[in-house]
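Scroll down for the structure; my scribbles are underneath it.
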Amino acid sequence: MALVEDDDIVEARILLDGIVAAGSKLRARLVSGGRNAVARDDAGTEYLLPAGAPGVAEGGAFDMIVTRSAIPGAEPWKRPLARAARPDDQPDDQVAAKPGTLPPAWDDVIEEARSGTVRFAGGELRISPTPAMTLIDVDGQLDPAELALTGAAAAARAIRRLDIGGSIGIDLPTAGSKAARNAAAATIDAHLPQPFERTAVNGFGFVQIVRPRRRASLIELAQDRAAFEARALLRRAGFEPPGPKCLVAHPAVLAILQTHSSLLDQLARQIGGAVSLRAEPSVAMSGGYAEAA
């Protein structure tokens, strides 16, 4: 899904099949109570409830709202978070939203997620996810004060566009004066919608931001390279002319598709023809393509 303003993607989001999205309302049973309670939904997935489930006995059924979907990473998928539902909870329309035709700029966003590099006039960002936080390094050829200002704006826009949440560290050039550091901080505030909290920009140009973390960012999803490229290939194939297609890709990418036959069935319905697969070890992970079958 993408939010587009003036032909630019300002927000992008990928919702994974099989992963319950943040904002979903589920029926669950309490496995263990107290703070950091654990609940299990009807599918057998366990959720951590940091605020507990007041008034619910262990083994009891209750409604809960998913506040953070499962997060992938170098470790096994982290347990999703939830809270007990309240009577005044309203459905999250974003959960039920159906993605339509994505704009051409979507490919540029996918490349940013894939490479971790975001270019802007006079410099670039290098974005690196770590277990503790997402780090953004600002580098370029401009005067340090100007680069700090321009880089702060680019970083704020990238955080929003790539759906980065949680703890974020931005390493700006050392601007020198307090006025320049304050200007960079104000630029972040102007380009990054609330809610978030941040520190001041310190003398070394570092600023930390904390914003809600409801799902994996596009940068994090791209770390699972084969799965990321398999989804990208399916999208490209969906825009091919109608008729049977053969998807040609790296074996690791095809291995993902072979274990998700429902996605291939969906693609076949979309293009009006059967879908076959052919492995080509010489094709780059991101180089998969569709050809007429």
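The values are calculated or read from the model by the stated rules, or taken from the named source; none is laboratory data. Treat the numbers as computed from the prediction; the structure is a model and nothing was measured. Methodologically, a virtual Cβ is constructed for each residue, glycine included, from the backbone with ideal geometry; neighbour enumeration extends over all protein chains shown.
Scanning the stretch 282-293 for residues that are more than 25 Å from the chain's Cα centre (by Cα) and over 13 Å from A226 (Cα atoms), which turns out surrounded by the fewest Cβ atoms within 10 Å (Cβ to Cβ)? Per the stated criteria, the residue is S282.
The set of residues in the stretch 162-182 being under 17 Å from F196 (Cα atoms) and surrounded by 23 or more Cβ atoms within 10 Å (Cβ to Cβ) consists of L162, I164, I168, I170. Whether a residue is touching a residue at least 12 places away in the same chain (Cβ under 8 Å), closer than 20 Å to M1 by Cα and surrounded by 16 or more Cβ atoms within 10 Å (Cβ to Cβ) was assessed, and L257 does not pass this test. The residues of the stretch 165-200 that are assigned to a loop (DSSP other than H, G, I, E, B) and under 18 Å from R126 (Cβ atoms), listed by number, are L172, P173, T174.
Taking the conditions (1) at pLDDT below 90; (2) over 20 Å from the mean Cα position of the chain (by Cα); (3) surrounded by 13 or more Cβ atoms within 10 Å (Cβ to Cβ) in turn, V95 satisfies each one other than (2). Being modelled with pLDDT under 95 and either more than 30 Å from A180 (Cβ to Cβ) or basic (K, R) (or both) holds for only one residue in R231, R278, R211, and it is R231. Within the stretch 138-152, not a single residue is part of a helix (DSSP H, G or I), aliphatic (A, V, I, L, M), modelled with pLDDT of 95 or more and over 22 Å from G176 (Cα atoms).
Taking the criterion of being of a type in the set (S, T, Y) and within 21 Å of R13 (Cβ to Cβ), the only residue of the stretch 162-194 that qualifies is S167.
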